[in-house]
Amino acid sequence: MNIKVVTGGILEKDGKFLLVQENQEICKGKWNVPAGGLEENASLIEGAKREIYEETGCKVEITGILEIINEILEGVNIVCFFFDTKIINENVKVDGQEILNVKWFTYEEIMDMKDELRAYGYFLSTIKNKIDNKIQSTEIIKSIRK
């Protein structure tokens, strides 16, 4: 079985959440949280910060864990780590290759976007954890390099 690790994060400002519109063929036009595959030799936190920066232009500090999701899809075991963030430098931009658009949405707007989201259930539960302050410490993550 193939394993894919995905890292990303929730960016929140003034009650709105930053989403990215995908440009990949499999999910073109769908909105998603900024996230992507973990690169070789990167820690979970490094990977999340890199993906968020690449997809939004924003630099963040990782402040906690909002959700860990495990999905087995067509023979691939996908493990997603979604982090809470603090925006350090907001410089929202679109790269045009992987991402079509970047936009702020309220939770209510996101709830009404069921057909427009890449993974509706993930969105709601992860963002709801943020709203409800159900944030776990990153101290449980131990990154060891040898």
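The values are calculated or read from the model by the stated rules, or taken from the named source; none is laboratory data. The structure displayed is predicted, hence computed values, not measured ones. Cβ: placed from backbone, ideal geometry, glycine included. Neighbour counts: every protein chain shown.
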Which number in (1) surrounded by 12 or more Cβ atoms within 10 Å (Cβ to Cβ); (2) in a strand (DSSP E or B) marks the one condition that GLU39 misses?
(2)
Output for Cβ contacts, cut-off 7 Å, separation at least six or different chains, first residue farther than 19 Å from ILE45 by Cα and in contact (Cβ under 8 Å) with a residue 12 or more places away in the chain in segment 118-146, second surrounded by 14 or more Cβ atoms within 10 Å (Cβ to Cβ) and among the acidic types (Asp, Glu), reads ARG118/GLU22; SER125/GLU67
Residues of segment 37-50 being small (Gly, Ala, Ser), over 21 Å from ASN133 (Cβ atoms) and under 12 Å from the mean Cα position of the chain (by Cα), in sequence order, are GLY37, GLY47
Out of the residues in segment 16-29 meeting the condition of being of a type outside the set (Val, Ile, Thr) and modelled with pLDDT of 95 or more, tell me which one is nearest to GLN136 (Cα to Cα).
PHE17
Enumeration of residues in segment 1-22 that are buried (at least 21 other Cβ atoms within 10 Å of the Cβ) and among the polar types (S, T, N, Q)
THR7
Please enumerate the residues belonging to segment 51-97 that are more than 16 Å from ILE135 (Cβ to Cβ) and aromatic (Phe, Trp, Tyr).
TYR53
Checked LYS93, LYS142, LYS49, LYS134 against criteria (outside any strand (DSSP E or B), of a type outside the set (S, T, N, Q) and surrounded by 19 or more Cβ atoms within 10 Å (Cβ to Cβ)); the one match is LYS49
Can you find, within segment 52-90, the residue that is modelled with the lowest pLDDT among those that are of a type in the set (Asp, Glu) and either over 13 Å from the mean Cα position of the chain (by Cα) or buried (at least 19 other Cβ atoms within 10 Å of the Cβ) (or both)?
GLU74
Any chance segment 96-119 includes a residue that's out of contact with any Gly (no Cβ under 8 Å at 6 or more places or on another chain), part of a loop (DSSP other than H, G, I, E, B), modelled with pLDDT of 95 or more and of a type in the set (S, T, N, Q)?
no
For segment 4-63, give me each residue that is among the small types (Gly, Ala, Ser) and touching an Asp or Glu at 6+ places or on another chain (Cβ under 9 Å).
GLY8, GLY9, GLY29, ALA35, GLY36, GLY37, GLY47, GLY57
Looking only at segment 70-83, decide whether some residue is over 14 Å from TYR122 (Cβ atoms) and in contact with a helix residue (DSSP H, G or I) (Cβ under 8 Å, 6 or more places away or on another chain).
no
